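The values are calculated or read from the model by the stated rules, or taken from the named source; none is laboratory data. The model shown is predicted, which means the values in this text are computed figures rather than measured ones. Cβ placement follows ideal geometry from the backbone for every residue including glycine, while neighbour counts extend to all protein chains displayed. These accessible areas exclude ligands, DNA and RNA; they are computed on the full protein's heavy atoms, side chains included. Shrake-Rupley method; radii C 1.70, N 1.55, O 1.52, S 1.80 Å.
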Amino acid sequence: MKRVLAAVLAALFMLSFMTACGAENQIEKPREQTVSMQIGNPKMTVSGVEKDIDENGTAPVIVNGRTLLPVRAAVEEMGGEVSWDGETQTVTLTRGGNEIQLVIDESTALLNGKETELDTAPVVMNDRTMLPIRFIAENFGYTVSWDEETQTVTLTQKAAEEAPAVQ
């Protein structure tokens, strides 16, 4: 009888431990991440928290009908990395399994080594690299929405596993 009781107690303990671990994993997963920036506004909102875009007061702009954002702020908030080669004027962005290379004033980008035509070339404004955000965000697994009334672009990612690497 003692063996049966010990086995039942051990099984209950294991079941409660597995349930607690499963609940913990569900809590840790992010539900949704958003990054919002408004044209002309040097602040951004990241999942509901307002932050400065940078220490220089850089703000998003519209050039030739396309929204350009300060690349470092946007990509780092998306969990990506940014590197700059001043000699070649090339910015390299990486996130997940994707790498994007863009050259200032050139409308061709490399997405995982494959050439892709951009509708607007990256530019430097006030010592900040400004990039066409839709191309970058969508290739990093985000959706892009635009609110014309408030002139706000919002980048949204629902879950990290929804952003597979582009082949």
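Within region 129-153, which residues are assigned to a strand (DSSP E or B), in contact (Cβ under 8 Å) with a residue 12 or more places away in the chain, surrounded by fewer than 20 Cβ atoms within 10 Å (Cβ to Cβ) and more than 11 Å from the chain's Cα centre (by Cα)?
Hits for region 129-153 are Trp146, Thr152.
What's the number of the condition Ala59 fails, among (1) modelled with pLDDT of 60 or more; (2) in a helix (DSSP H, G or I); (3) of a type in the set (A, V, I, L, M, F, W, C)?
Of (1) modelled with pLDDT of 60 or more; (2) in a helix (DSSP H, G or I); (3) of a type in the set (A, V, I, L, M, F, W, C), only one is false for Ala59: (2).
What is the number of the single condition among (1) in a strand (DSSP E or B); (2) touching a Ser or Thr at 6+ places or on another chain (Cβ under 9 Å); (3) within 22 Å of Tyr142 (Cα to Cα) that Arg72 does not meet?
(1)
Collect the residues in region 106-122 that are open to solvent by less than 30 Å² (accessible area, probe 1.4 Å) and not in a loop (DSSP other than H, G, I, E, B), keeping them in residue-number order.
Passing the criteria: Ala109, Leu111.
Hey, among Val75, Val103, which residue is open to solvent by less than 60 Å² (accessible area, probe 1.4 Å) and under 22 Å from Met44 (Cβ atoms)?
After ruling out the rest, the residue left standing is Val75.
Among Thr116, Thr120, Thr156, which is the only one that is within 17 Å of Gly48 (Cα to Cα) and either at pLDDT 90 or above or touching a strand residue (DSSP E or B) at 6+ places or on another chain (Cβ under 7 Å) (or both)?
Thr156
Select from region 79-110 the residues that are closer than 28 Å to Glu32 by Cα and hydroxyl-bearing (Ser, Thr, Tyr) and list them in ascending order.
Residues satisfying the conditions are Ser83, Thr92, Thr94.
In region 78-100, what residues are surrounded by fewer than 14 Cβ atoms within 10 Å (Cβ to Cβ), without any contact (Cβ under 8 Å) to a residue 40 or more places away in the chain and closer than 18 Å to Tyr142 by Cα?
Glu81
Report, by residue number, each residue of region 28-50 that is open to solvent by 50 Å² or more (accessible area, probe 1.4 Å), farther than 15 Å from Thr152 by Cβ and either in contact (Cβ under 8 Å) with a residue 60 or more places away in the chain or in a strand (DSSP E or B) (or both).
Residues satisfying the conditions are Lys29, Pro30, Arg31, Glu32, Val49.
Which of the residues spanning region 62-71 are modelled with pLDDT of 90 or more and open to solvent by 40 Å² or more (accessible area, probe 1.4 Å)?
Ile62
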